[in-house]
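Reading through the structure tokens given below for one structure.
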Amino acid sequence: MKSFAATSARAPVRSNANIAGDFLALHFELESGRELPAFTRFEQPITLRVTGAPPESLQSDLSQLLGRLRREAGINIRQVTDSSANITIEAVSRSEIRRALPHAACFVVPNVSSLAEFRRKRRKSETNWALLSERRELGIFIPNDVSPQEVRDCLHEELAQAIGPLNDLYRLPDSVFNDDNVHTVLTGFDMLILRTSYDPALRNGMTRDEVANALPGILARQNPRGVRVAARPVSKTPRSWINATQTALGPGATQSQRLRAANEATRIAQQQGWTDHRRAFSHYILGRMLQAGDPETAQQQYRSALFYLSQTPGTDLQAAYVVTQTAAYALANGQPQDARQQIRPQLEVARRAENAALLSTLMLLDAEALDLQGERDKAADVRLDSLGWARYGFGSDWAVRARMQEVAALNPQQELGG
């Protein structure tokens, strides 16, 4: 199994005026849309411990993450073993998490240190984020029976929320604070948001207006390049689009309901006049819904997604996801050169994003394209190299084999006995 070495994310190239607006929306609203009355954070050095039954990969990924938080966000955080830690990460089975919160892959709760304590307190005021006046104790619950990448992704998302903002915004193209799950490792934008959250000019209990007044000075210190960048117009994401997107992608809906929801999300995106990654995401979702029954129309949706992404800076990772679909289509139609031309630029994008599942998928597609071109030895080398990433990205042997078989089935020579 392969894993990524510790890296530092690229700084955002964005106006501080826009970042200030994002900061306020992230810190003073919940995902439900409910407003929060006061700013909260940890005021003391943060201690963290791990309990439960953590998988082998957790400790190395956690150590890398804590190192990045200290180095890039300037947060005083360290791992300890005693029960008085401010943050407890409890590793439990996915089924235990689903019993606690049916639709959650992982989650964070204030004022608890175990899943059992959360069950006792879940209806009480101390676990209500909206009533929090400061952060002293939090519990993070992550699954221990999923792929190493899923465990790491949960660590990044939930720890960032435990110490930083509580909201997610679909309008952010380069952040884990976005429910589209494209970015799963803390980005340069995320580190700036966390660094700003712990600036000495902020403190617990500040109102939205007080924080807004302090942000220009803070961001001028924390992100001087953003002072010179012109602000861009920003549009809110309507709840109707969020609901349609979540229905299309979430559990519990039939295929016809998903397709209707995807069409509705695309209609709303067009109605809003969006030309950003949200418009692209709508077309991508619709393409995925159409894939099995109408692959040609699905490709039209993917092409639309790539067009809007090309108009939006900082969306290379979103484009790489779309390319897995367009390259697979080219491969299935006996166009290996076209497939490889699409795939090769995306390999570095996936590596930079530390997305092993995406990287191994792209490499497997590349291997099949090489096979079609008659370069069998090179294809075998690429396929073998992809396996180490697949084990990190997909986990179990059966999941790795399933992905390999899925990609291999695209090769038209398989059908011809080639």
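The values are calculated or read from the model by the stated rules, or taken from the named source; none is laboratory data. Note that the structure is a prediction, hence the values are computed from the model and not measured. For neighbour counting, all protein chains shown are included, and Cβ atoms are generated from backbone atoms with ideal geometry for every residue, glycine included. Note: areas computed on protein heavy atoms with side chains; ligands, DNA, RNA excluded. Shrake-Rupley method; radii C 1.70, N 1.55, O 1.52, S 1.80 Å.
What residue, among those in segment 116-138 that are in contact with a helix residue (DSSP H, G or I) (Cβ under 6 Å, 6 or more places away or on another chain) and surrounded by 18 or more Cβ atoms within 10 Å (Cβ to Cβ), is modelled with the lowest pLDDT?
Thr127
Could you name every one of the helices (runs of 4 or more DSSP H) located completely within segment 362-418 that has at least 2 residues being at pLDDT below 95 and closer than 30 Å to Ser57 by Cα?
Passing ranges, in order: 376-394, 397-408.
Which residue is least open to solvent (accessible area, probe 1.4 Å), if the candidates are limited to segment 2-17 and must be part of a loop (DSSP other than H, G, I, E, B) and of a type in the set (Gly, Ala, Ser)?
Ser15
Condition first: among the polar types (S, T, N, Q) and under 21 Å from the mean Cα position of the chain (by Cα). Can you find one or more residues in segment 163-175 that meet it? Before the answer, list the steps.
Let us first name the residues in segment 163-175 that are among the polar types (S, T, N, Q), namely 167, 175.
This time we only want the ones that are under 21 Å from the mean Cα position of the chain (by Cα), so: 167, 175.
Within segment 163-175, one or more residues are among the polar types (S, T, N, Q) and under 21 Å from the mean Cα position of the chain (by Cα).
Please list, ordered by first then second residue, the pairs with beta carbon atoms under 6 Å, 6 or more apart or interchain, first in segment 311-331 and closer than 12 Å to His183 by Cα and touching a residue at least 60 places away in the same chain (Cβ under 8 Å), second among the hydrophobic types (A, V, I, L, M, F, W, C) and surrounded by 20 or more Cβ atoms within 10 Å (Cβ to Cβ).
Going by the 6 Å Cβ cut-off, the qualifying pairs are Thr315/Leu309; Leu317/Val182; Leu317/Ala353; Gln318/Val182; Gln318/Leu309.
Filter segment 238-266 down to residues that are surrounded by fewer than 17 Cβ atoms within 10 Å (Cβ to Cβ) and in contact with a Lys or Arg (Cβ under 6 Å, 6 or more places away or on another chain), then give me how many there are.
Looking only at that region, the number is 0.
Would you pick out the residues in segment 343-360 that are assigned to a helix (DSSP H, G or I) and either open to solvent by 40 Å² or more (accessible area, probe 1.4 Å) or farther than 14 Å from Ala319 by Cβ (or both)?
Correct list: Arg344, Pro345, Glu348, Arg351, Arg352, Ala356, Ala357, Leu359, Ser360.
Among the candidates Ile89, Ile75, single out the residue that is part of a loop (DSSP other than H, G, I, E, B) and touching a Leu at 6+ places or on another chain (Cβ under 8 Å). Spell out the reasoning first.
Numbers: Ile89 fails: part of a loop (DSSP other than H, G, I, E, B).
Every option except Ile75 fails the conditions.
Do you know which residues across segment 104-115 are surrounded by fewer than 18 Cβ atoms within 10 Å (Cβ to Cβ) and over 20 Å from Gly164 (Cβ atoms)?
Result: Ser114, single match.
Among the residues in segment 309-320, are any more than 29 Å from Tyr392 (Cα to Cα), at pLDDT 95 or above and either charged (D, E, K, R) or assigned to a helix (DSSP H, G or I) (or both)?
Checking segment 309-320: at least one residue is more than 29 Å from Tyr392 (Cα to Cα), at pLDDT 95 or above and either charged (D, E, K, R) or assigned to a helix (DSSP H, G or I) (or both).
Quick one: count up the residues across segment 91-103 that are touching a residue at least 12 places away in the same chain (Cβ under 8 Å) and of a type outside the set (S, T, N, Q).
Number of matching residues: 7.
Taking into account only those residues within segment 194-209 that are more than 20 Å from Pro45 (Cβ to Cβ) and in contact (Cβ under 8 Å) with a residue 40 or more places away in the chain, which is surrounded by the fewest Cβ atoms within 10 Å (Cβ to Cβ)?
Looking only at segment 194-209, we keep the residues that are more than 20 Å from Pro45 (Cβ to Cβ), and these are 206-209.
Narrowing further to those that are in contact (Cβ under 8 Å) with a residue 40 or more places away in the chain: 206-208.
Details: Met206: 19, Thr207: 12, Arg208: 17.
Step by step, filter segment 194-209, then rank; the result is Thr207.
For segment 172-179, indicate whether the set of residues that are in contact with an Asp or Glu (Cβ under 9 Å, 6 or more places away or on another chain), without any contact (Cβ under 8 Å) to a residue 40 or more places away in the chain and open to solvent by 10 Å² or more (accessible area, probe 1.4 Å) is non-empty.
Within segment 172-179, not a single residue is in contact with an Asp or Glu (Cβ under 9 Å, 6 or more places away or on another chain), without any contact (Cβ under 8 Å) to a residue 40 or more places away in the chain and open to solvent by 10 Å² or more (accessible area, probe 1.4 Å).
Restricted to segment 222-237, and to residues that are open to solvent by less than 80 Å² (accessible area, probe 1.4 Å) and part of a loop (DSSP other than H, G, I, E, B), which residue is nearest to Val182 (Cα to Cα)? Quick ask: steps written out before the conclusion?
So in segment 222-237, the residues open to solvent by less than 80 Å² (accessible area, probe 1.4 Å) come out as 222-224, 226, 229-231, 235, 237.
Now restrict to residues that are part of a loop (DSSP other than H, G, I, E, B): 223, 229-231, 235, 237.
On the way: Asn223: 24, Val229: 25, Ala230: 26, Ala231: 24, Ser235: 20, Thr237: 17 Å.
Checking each candidate, the answer is Thr237.
List the pairs whose first member sits in segment 1-14 and is in contact (Cβ under 8 Å) with a residue 12 or more places away in the chain, whose second member is β-branched (Val, Ile, Thr) and assigned to a loop (DSSP other than H, G, I, E, B), and whose Cβ atoms are under 6 Å apart, counting only residues at least 6 apart or on separate chains?
Ala9/Thr187
So which residues in segment 30-48 are assigned to a strand (DSSP E or B) and open to solvent by less than 40 Å² (accessible area, probe 1.4 Å), if there are any at all?
Hits for segment 30-48 are Ile46, Thr47, Leu48.
If a residue has to be free of Cβ contacts under 8 Å to residues at least 60 places away in the same chain and open to solvent by less than 30 Å² (accessible area, probe 1.4 Å) to count, how many in segment 383-406 make the cut?
So the count comes out to 3.
Please verify whether Ala160 is open to solvent by 10 Å² or more (accessible area, probe 1.4 Å) and aliphatic (A, V, I, L, M), treating the condition exactly as stated.
No.
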